[in-house]
Number of protein chains: 2
Amino acid sequence: MTYCVAMQLERGLLFMSDTRTNSGVDNISTFRKMFHFDVEGERSITLMTAGNLATTQAVVSLLQERSKSADERSPDILDLPTMFQVAGLIGQTLREVISQHDDNGQKASSTFSATMLVGGQIGNGEPRLYLIYPEGNFIEASADTPYFQIGETKYGRPILVRAYDPKMSFEEAMKLILVSFDSTIKANLSVALPLDYHVYTTDSLGRGRTGRIEPDDPYYQEISSGWGVALREAFSGLPDFSFES
Amino acid sequence: MTYCVAMQLERGLLFMSDTRTNSGVDNISTFRKMFHFDVEGERSITLMTAGNLATTQAVVSLLQERSKSADERSPDILDLPTMFQVAGLIGQTLREVISQHDDNGQKASSTFSATMLVGGQIGNGEPRLYLIYPEGNFIEASADTPYFQIGETKYGRPILVRAYDPKMSFEEAMKLILVSFDSTIKANLSVALPLDYHVYTTDSLGRGRTGRIEPDDPYYQEISSGWGVALREAFSGLPDFSFES
């Protein structure tokens with residue numbers, strides 16, 4: 001499995017992905033699931049992937065190759081004029097890669113399917129965030145649904161629903177996203193640290209702060225243990241049920 | 001979907017189930033998913049069901065019919081000497097009902113599968129709690145895993161993991177289980193009030209407190225809104241992330 005969250009804030013976009021991949025519980029590895037396509041001063045695009053690793057690596061490699069060799073067939077993720085067209089290109093590439101294997105009549109114990117999140121900003125456009133389905137179509141985040149999750153989404157969702165606020169600072173948003181990751185990591189072995197993040201500030205049009213949170217990160221450990229204590233306190237502060245009522 | 005939780009406490013057992021059934025989002029109904037088999041002073045057995053409604057109703061009807069007509073073939077849920085044998089009988093009945101339809105070569109848009117929780121106490125035995133799989137086999141709760149969930153288990157799990165304590169009073173345990181239900185109900189349309197509960201006190205060997213929590217229940221509403229506030233307070237009490245570290 002995987003867990004990735006992308007969040008639209010008034011200040012910009014925040015991305016976080018875990019790094020665990022597994023084929024059964026006895027075959028786990030660490031792979032990066034966050035990828036950047038930048039042209040400094042012109043565009044910043046961040047892609048996160050969940051699903052079959054061969055599929056997602058093939059999609060990312062195709063996007064990268066097409067952007068490097070000038071004589072490769074277009075379209076090119078570094079040339080397209082809007083985020084909408086970027087999402088369309090990624091969706092089309094994803095669908096092609098999946099159908100290559102499916103159409104071969106190949107069978108696998110798990111499917112070749114994958115889901116992706118892409119967000120960023122190009123030129124004069126607004127920052128945009130899309131969730132791309134294996135079929136190649138996609139939906140865009142809006143004020144009503146300002147964040148997307150892919151992979152193991154359920155354990156970490158309640159706190160996002162309750163505490164998200166578009167006016168949050170990036171520091172608060174990092175805290176929120178880490179609490180959401182912590183709930184997921186505690187519940188599902190197939191989601192694990194280290195975690196990659198990227199903080200994109202609106203109109204910066206370039207790579208923002210990126211980093212990796214390692215298992216021994218003191219802030220993560222503080223959040224992880226502190227959240228347990230805070231939850232129990234919040235819980236004990238609520239009134240008990242009364243059977244007499 | 002469905003959400004049911006059964007919990008083993010030092011004082012006894014606590015059961016709660018929702019009542020929503022759905023076949024698609026445009027066909028929802030309210031059905032009871034909690035069933036009791038009692039012989040006052042001798043045994044108290046509580047059964048909760050998740051999965052295909054035709055399957056679970058058939059299983060419960062078979063168990064009830066066999067317990068009513070004396071000339072029906074045994075075994076009988078009201079005669080079996082141990083909870084282990086009761087779990088075995090339910091598992092066998094469940095497997096039979098599922099295989100009747102599957103073996104017919106019938107196809108359905110969803111499967112005929114179902115999962116059940118059964119708990120209670122018989123005579124001098126200890127209170128016991130079992131999770132029964134569609135294949136008819138089952139696992140028992142223990143000190144390490146003192147509660148079981150069936151149906152939509154993920155949203156409501158983090159608070160159970162963090163706040164469960166075997167020494168809890170029934171009043172605290174009701175609060176915990178309602179917070180867990182509230183998180184699930186907020187996230188999944190196919191889980192909904194009213195909620196049925198049964199509180200079984202160890203060695204009482206009879207029906208304990210039962211009741212139904214309706215959508216307008218003031219305590220539920222207090223917990224539901226109070227938990228949102230408490231979560232946000234707990235969250236804001238944690239230190240923010242620092243990008244300088």
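The values are calculated or read from the model by the stated rules, or taken from the named source; none is laboratory data. Keep in mind it's a predicted model, so treat the numbers as computed, not measured. Cβ sites come from the backbone with ideal geometry, for glycine too, and all protein chains shown count toward neighbours.
Evaluate the following for B:Glu152: is it within 11 Å of chain A (Cβ to nearest Cβ), touching a helix residue (DSSP H, G or I) at 6+ places or on another chain (Cβ under 9 Å) and of a type in the set (D, E, K, R)? So that I can check it myself, show each step before the final result.
Working: within 11 Å of chain A (Cβ to nearest Cβ): yes; touching a helix residue (DSSP H, G or I) at 6+ places or on another chain (Cβ under 9 Å): yes; of a type in the set (D, E, K, R): yes.
Criteria met by B:Glu152.
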Those residues that are over 15 Å from A:Leu238 (Cα atoms) and of a type in the set (Val, Ile, Thr), I need them from the stretch B:153-177; list them, please.
B:Thr153, B:Val161
Give the residue, chosen from B:Lys175, B:Lys167, that is surrounded by 18 or more Cβ atoms within 10 Å (Cβ to Cβ) and among the basic types (Lys, Arg).
B:Lys175
With the first residue restricted to the stretch B:199-219 and required to be of a type in the set (Asp, Glu), and the second required to be buried (at least 17 other Cβ atoms within 10 Å of the Cβ), Cβ contacts under 6 Å at 6 or more apart or on different chains are B:Glu214/B:Pro194
Quick one: in the stretch A:193-245, of everything that is exposed (fewer than 13 other Cβ atoms within 10 Å of the Cβ) and more than 11 Å from chain B (Cβ to nearest Cβ), which residue is farthest from A:Gln8 (Cα to Cα)?
A:Asp216
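If the requirement is being more than 14 Å from the chain's Cα centre (by Cα) and over 23 Å from A:Arg11 (Cα atoms), which of these qualifies: A:Ser142, A:Ser190?
Working: A:Ser142 fails: over 23 Å from A:Arg11 (Cα atoms).
Residue meeting the stated conditions: A:Ser190.
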With respect to B:Ile98, is the statement that it is β-branched (Val, Ile, Thr), assigned to a helix (DSSP H, G or I), within 14 Å of chain A (Cβ to nearest Cβ) and in contact with a helix residue (DSSP H, G or I) (Cβ under 9 Å, 6 or more places away or on another chain) true?
no
For the stretch B:163-174, does any single residue satisfy the condition of being polar (S, T, N, Q), away from chain A (no Cβ under 14 Å), farther than 24 Å from B:Phe37 by Cβ and more than 18 Å from the chain's Cα centre (by Cα)?
no
Among the residues of the stretch B:130-146, is any within 12 Å of chain A (Cβ to nearest Cβ) and over 19 Å from B:Arg20 (Cβ atoms)?
no
If only one of B:Phe138, B:Phe170, B:Phe112, B:Phe181 is in contact (Cβ under 8 Å) with a residue 24 or more places away in the chain, under 20 Å from B:Gly211 (Cβ atoms) and in contact with a helix residue (DSSP H, G or I) (Cβ under 9 Å, 6 or more places away or on another chain), which one is it?
B:Phe181
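If I filter the stretch B:27-39 for residues that are in contact with a His (Cβ under 9 Å, 6 or more places away or on another chain) and not acidic (Asp, Glu), do I get at least one hit?
Yes.
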Which of the residues that make up the stretch A:3-29 are modelled with pLDDT of 95 or more and among the hydroxyl-bearing types (Ser, Thr, Tyr)?
A:Tyr3, A:Ser17, A:Thr19
How many residues are out of contact with any strand residue (DSSP E or B) (no Cβ under 9 Å at 6 or more places or on another chain) and either farther than 30 Å from A:Asp26 by Cβ or small (Gly, Ala, Ser) (or both) when one looks only at the stretch A:185-222?
3
Please determine whether any residue of the stretch B:63-70 is within 25 Å of B:Thr2 (Cα to Cα), outside any loop (DSSP other than H, G, I, E, B) and under 20 Å from the mean Cα position of the chain (by Cα).
yes
Name, by its number, the condition in (1) within 16 Å of the chain's Cα centre (by Cα); (2) under 20 Å from B:Ala50 (Cβ atoms); (3) not acidic (Asp, Glu) that does not hold for B:Gly136.
(1)
Taking B:Asp182 as meeting all but one of (1) touching a strand residue (DSSP E or B) at 6+ places or on another chain (Cβ under 7 Å); (2) buried (at least 22 other Cβ atoms within 10 Å of the Cβ), write down the number of the exception.
(1)
Among the residues in the stretch A:2-15, are any within 23 Å of A:Lys186 (Cβ to Cβ) and either without any contact (Cβ under 8 Å) to a residue 12 or more places away in the chain or touching a Cys at 6+ places or on another chain (Cβ under 7 Å) (or both)?
no
For A:Ser110, all conditions in the list (1) part of a loop (DSSP other than H, G, I, E, B); (2) among the hydroxyl-bearing types (Ser, Thr, Tyr); (3) modelled with pLDDT of 95 or more hold save one; what is the number of the exception?
(3)
